[in-house]
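Have a look at the structure below, then the notes.
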Amino acid sequence: MLRGIYTSALGMITHMQRTDITANNMANVGTIGYKRDHVVSHEFSDVLISRMNDPGLRMFKSMPIGTVNPGVFVDDVFTAFTQGALEQTGNPLDLALSGQGFFVVNLNGEELYTRDGAFTMANGLLLTQEGGRVQGMNGDINLPEGHIVIGENGNVFVNGEHIDTLRMANFNRDGLHSLRKMEDNFYRASEHTDGTQIPFEGIVAQGFLEASNVNIVQEMVNMITNTRAYETNARMITLQDGTLQRAVNDIARRS
């Protein structure tokens, strides 16, 4: 009986974590370049149950009667780096990446990565909305006054003069999974990201922004499913608690 309570409690914890991830996805449906997260759950190993001290068995003998599984737990949270829709803005400082990869940004001396290309300019520097300095092949990108054109390969021109080339980072599958999400739509490389960089093969679209890849309808379905599963586990705990209480009271009366 107690095993059943623990299994249901673990189910509640798992679905609560799923609900938190789903709620965060829904909250960022309008965030530029946001990539949805999804939970990967894993089952505990099955445990063999045996009958022991049965009058029909010899002493110290046991008879296997089946297996039991303690339940599931959240094994990992993956980020889905699928392409979001490109939305035209007409702003020459709005950039979107078509294909896998990231803009490289220097924020407070740390190298970070982002898909959010809603850039701005201050004191001649190309910056993110949070003040991070967008990186080119020569470091910070300094833009003089004039007509800005950014090509599909990331080359930056002002009044027809080549200024720099956007620096883009790309990672293989293992490298993408090793990236750590931060606030303000940035990603940070971990120690497991070393050696996983690959060439950027996408294109840069000037005057466009990449929308979130969150499917709001699917996330609402996930939210309903997780909530119902949580409630089901909660009801199971109530039922098992009532059964256990009744069993204890019956034993006490018979004693």
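The values are calculated or read from the model by the stated rules, or taken from the named source; none is laboratory data. The structure presented is a predicted model; accordingly, all values stated were derived computationally and were not measured. Note that we place each Cβ from the backbone using ideal geometry, even for glycine, and neighbour counts take in every protein chain shown. Quick note on the areas: whole protein, heavy atoms, side chains included, nothing else; ligands and nucleic acids left out. Shrake-Rupley method; radii C 1.70, N 1.55, O 1.52, S 1.80 Å.
Taking the stated definitions as given, is Val217 open to solvent by 70 Å² or more (accessible area, probe 1.4 Å), modelled with pLDDT of 95 or more and farther than 19 Å from Glu111 by Cβ? Answer is yes for this residue.
Looking across region 71-116 at every residue that is closer than 16 Å to Leu143 by Cα and of a type outside the set (A, V, I, L, M, F, W, C), the one that is least open to solvent (accessible area, probe 1.4 Å) is identified as Asp94. Met26 satisfies every condition listed in (1) at pLDDT below 95; (2) surrounded by fewer than 17 Cβ atoms within 10 Å (Cβ to Cβ); (3) in a helix (DSSP H, G or I); (4) of a type outside the set (Asp, Glu) except (1).
Are there any strands (runs of 3 or more DSSP E) wholly within region 114-210 with 1 or more residues that are of a type in the set (Val, Ile, Thr), and if so which?
Numbers: elements: 120-122, 125-127, 133-136, 148-150, 155-158, 161-165, 203-206, 208-210.
Once the strands (runs of 3 or more DSSP E) in region 114-210 are filtered for at least 1 residues that are of a type in the set (Val, Ile, Thr), what remains is 120-122, 133-136, 148-150, 155-158, 161-165, 203-206.
The sole residue among Glu183, Glu219, Glu231 that is over 20 Å from Gln135 (Cβ atoms) and without any contact (Cβ under 8 Å) to a residue 24 or more places away in the chain is Glu231.
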